1. Short version: ³J(HN,Hα) in whole Hz for each residue of region 22-37, in order, from phi by Karplus 6.51 cos²θ - 1.76 cosθ + 1.60 (θ = phi - 60°), x for Gly and Pro, what are they?
2. Round to a whole number: what % of the accessible area of region 84-224 belongs to carbon and sulfur, probe 1.4 Å?
3. Determine how large the accessible area of D45 is when every protein chain is in place; take a 1.4 Å probe and give Å² rounded to the nearest 10.
4. At most 14 other Cβ atoms within 10 Å and a DSSP loop assignment: could you name the trypsin sites (Lys or Arg not before Pro) in region 177-223 that fit?
5. Are there any trypsin sites (Lys or Arg not before Pro) in region 129-174 that are in a DSSP loop and have at most 14 other Cβ atoms within 10 Å? List them by number.
6. Suppose R0 equals 35 Å; then what is the FRET efficiency for R37 and T223 from their Cβ-Cβ distance, rounded to the nearest 0.05?
7. Holding the Cα-Cα limit at 24 Å, pick out from K15/K122; K14/K44; K2/K204; K15/K220; K44/K122 the pairs that are longer than that.
8. Please list, or write none, the aspartates and glutamates whose alpha carbon is within less than 18 Å of the alpha carbon of K222, excluding same-chain residues fewer than 8 places away.
Amino acid sequence: MKIFIDTANIEEIKKAGELGVLDGVTTNPTLISRENRGFTDILKDICRVVDGSISAEVISLDYEGMLREARSLSGIHKNIVIKIPLTKDGLRAVNTLAGEGVKSNVTLCFSPLQALLAAKAKAAYISPFIGRLDDIAHTGMDLVRRIRKIYDNYAFKTEIIVASIRHPVHVLEAAMAGADIATIPYKVIEQLIKHPLTDTGIKKFLEDWKKVPEPEIFKKAKTN
Ligand code: E4P
């Protein structure tokens, strides 16, 4: 499963990138609004830091407006993917852009039938928002499992990005469900790394190591 980071914050993106686990970035208007910087500058910075899929969202709701914004955004960098909401105009725009070789990430997906239509319209990615479904007492991950089944039934190439992730169990379940990608907030990426038994294990090893004379190779390594 590929790992994307769900943020527009360049420091978080750099820190996740340094871990060597990052395959891409997703942004949305809310995440952009938290940065107090221009949209284009943010996207250019992200493209400099990450060599992978970078989703940038249109804000027009009509077909022509979506296309205008999408064409401008895709001109910023070859890795920009256009995030488009799952509406009638959105599906039309996705299909037109696919014809021009521009990839779309269809966002705000809350049903398997919406996902079927996105794949038919030739979306490169579909983003089911699982946390927001959990918030209203649905099981968000059921949506991912249903989309996986439908896409496998018909060999659709559209990749499933599990979005609106709130905690590590969402990531685990996304991987178990066979999602192609999980887009994860930085805080949750950090939570994936941590385990109390790892911390106590390190502590014990280091205590025991005090009884071992310092090896020559480590002494040399310090001076190199
Ligand atoms: C994904 O592409 C979205 O930007 C994001 O996951 C939305 O998450 P939220 O429901 O926590 O706002």
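1. Karplus-based 3J(HN,Hα) across region 22-37 equals 9, 10, x, 9, 10, 10, 8, x, 5, 5, 5, 5, 6, 8, 6, 9 Hz.
2. Taking all protein chains in place, region 84-224 shows 61 percent carbon and sulfur surface.
3. Counting only protein heavy atoms, the figure is 40 Å².
4. K194, K210, K211
5. K157
6. In this case the efficiency is close to 0.20.
7. From K15/K122; K14/K44; K2/K204; K15/K220; K44/K122, over 24 Å: K15/K122; K2/K204; K15/K220; K44/K122.
8. The qualifying aspartates and glutamates are E214.
The values are calculated or read from the model by the stated rules, or taken from the named source; none is laboratory data. Source: prediction; values computed, not measured. Ideal geometry is used to build each Cβ from the backbone, glycine not excepted, and the neighbour counts take in all protein chains shown. Only protein heavy atoms, including side chains, enter the accessible area calculation; ligands, DNA and RNA are left aside. Shrake-Rupley method; radii C 1.70, N 1.55, O 1.52, S 1.80 Å.
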